[in-house]
1. In region 60-107, how many residues are within 19 Å of Lys252 (Cβ to Cβ) and either open to solvent by less than 10 Å² (accessible area, probe 1.4 Å) or in a strand (DSSP E or B) (or both)?
2. Scan region 150-172 residue by residue and report those that are more than 16 Å from the ligand (Cβ to nearest atom) and not in a loop (DSSP other than H, G, I, E, B).
3. For region 129-152, which positions are among the small types (Gly, Ala, Ser) and open to solvent by 70 Å² or more (accessible area, probe 1.4 Å)?
4. Inside region 108-128, can you point out the residues that are surrounded by 17 or more Cβ atoms within 10 Å (Cβ to Cβ), of a type in the set (A, V, I, L, M) and under 14 Å from the mean Cα position of the chain (by Cα)?
5. Could you pull out the residue among Ala143, Ala58, Ala147 that is under 24 Å from Asp267 (Cβ atoms) and either within 16 Å of the ligand (Cβ to nearest atom) or modelled with pLDDT of 95 or more (or both)?
6. Taking Ser108 and the conditions (1) more than 19 Å from Glu43 (Cα to Cα); (2) of a type in the set (Gly, Ala, Ser); (3) modelled with pLDDT of 95 or more, which numbered condition does it fall short on, given that it satisfies the others?
7. Mind listing whichever residues of region 173-198 are charged (D, E, K, R), over 20 Å from Gly223 (Cα atoms) and within 16 Å of the ligand (Cβ to nearest atom)?
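The values are calculated or read from the model by the stated rules, or taken from the named source; none is laboratory data. Since the model is a prediction, treat every value here as computed from it, not as a measurement. When we count neighbours, we look across all protein chains shown, and the Cβ atoms used for this are built from the backbone with ideal geometry, even at glycine. Ligands, DNA and RNA are stripped out before the accessible areas are found, and what is left, the full protein with its side chains, is counted by its heavy atoms. Shrake-Rupley method; radii C 1.70, N 1.55, O 1.52, S 1.80 Å.
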Amino acid sequence: MKKIISLIIASLMLITLCCGFASCNKDDNVLVMATNAAFPPYEYVEGDKFVGIDVEIAQAIADKLGMELQIEDVEFGSIIGGVVEGKYDMGMAGMTVTEERKQSVNFSNTYATGIQVIIVKDGSSITSLDDIFEFNADGDPVALKDANIKVGVQQDTTGDIYSSSDISGWGFCDVEEDGTITTDRVVRYKTGADAVEALKTDKVNMVIIDNEPAKSFVAANDGIHILEGDNEYAVEDYAICIAKENTELLDKINKALDELKKDGTIDKIVSKYIKAN
Ligand code: GLN
């Protein structure tokens, strides 16, 4: 009996001890990063390892904080929710800072930029934006050249968000005033690679995605190319997202990012993966 009681007391003490540290099941010395490792060159899988710009920057941050980096590969659309819930300490996935996302999470200082581009099949009838939209005298899109066009995107990304707006907003949907989509010409895939596969097999006419993954997909697949033209309007800032209440981690990450920018580490990592044109 005594033995049982002391066992119970010992286990209770252990539980209290564990829970004393921040959250019950999280090791304080582990920096848990949620990502979607299908976004080369920012994050992807090589053999059994996660590699890419974000992975290396995250490792450099973890080293500075004296923490061990743990990477969780999840769907892009569940990163922010998981960070808000406290499942992950941070989300790093070539993630664009948007006003809407800022309602749910804080973003670090930005460490890279991206541009939305269009990928089409070689020989496509789409050779410029003029083949996609009819424009008014002010240069604003007013109609689609082909009302049956299908656009592939990775679900929940900025490519999805832009494409899902109405035509006057450079999107591909007919949207009612209350936001209801009446005609949806966007096909949403789990990964950019799936969207590219759909393009190759003519399920969609074009794919909208960030420029660097676009370059990687074009390099890895024959018969597709990036549409040339002015797309500076779609320039985005990438940053790390962190739960709103975790300002301590936000400050630490910003400080680490600053140092890594100043000492040239970030440039070095970026140029390892992105060759200057
Ligand atoms: N930059 C885009 C976004 O934040 C895409 C990111 C991604 O697919 N990993 O939505």
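1. 14
2. Result: Asp166, Ile167, Ser168, Gly169.
3. Result: Ala137, single match.
4. Passing the criteria: only Ala112.
5. The match here is Ala58.
6. Result: Ser108 passes all but (1).
7. Going residue by residue through region 173-198, those that are charged (D, E, K, R) are 174, 176-178, 184-185, 188, 190, 194, 197.
So of that shortlist, the ones also over 20 Å from Gly223 (Cα atoms) come out as 174, 176-178, 184-185, 188, 190.
Of everything in region 173-198, those that are charged (D, E, K, R), over 20 Å from Gly223 (Cα atoms) and within 16 Å of the ligand (Cβ to nearest atom) turn out to be Arg188, Lys190.
Rundown of residues vs (1) within 16 Å of the ligand (Cβ to nearest atom); (2) buried (at least 21 other Cβ atoms within 10 Å of the Cβ); (3) part of a helix (DSSP H, G or I), yes/no style:
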residue	(1), (2), (3)
Asp202	no, no, no
Val207	yes, yes, no
Lys215	yes, no, yes
Asp222	no, no, no
His225	no, no, no
Gly229	no, no, no
Glu236	yes, no, no
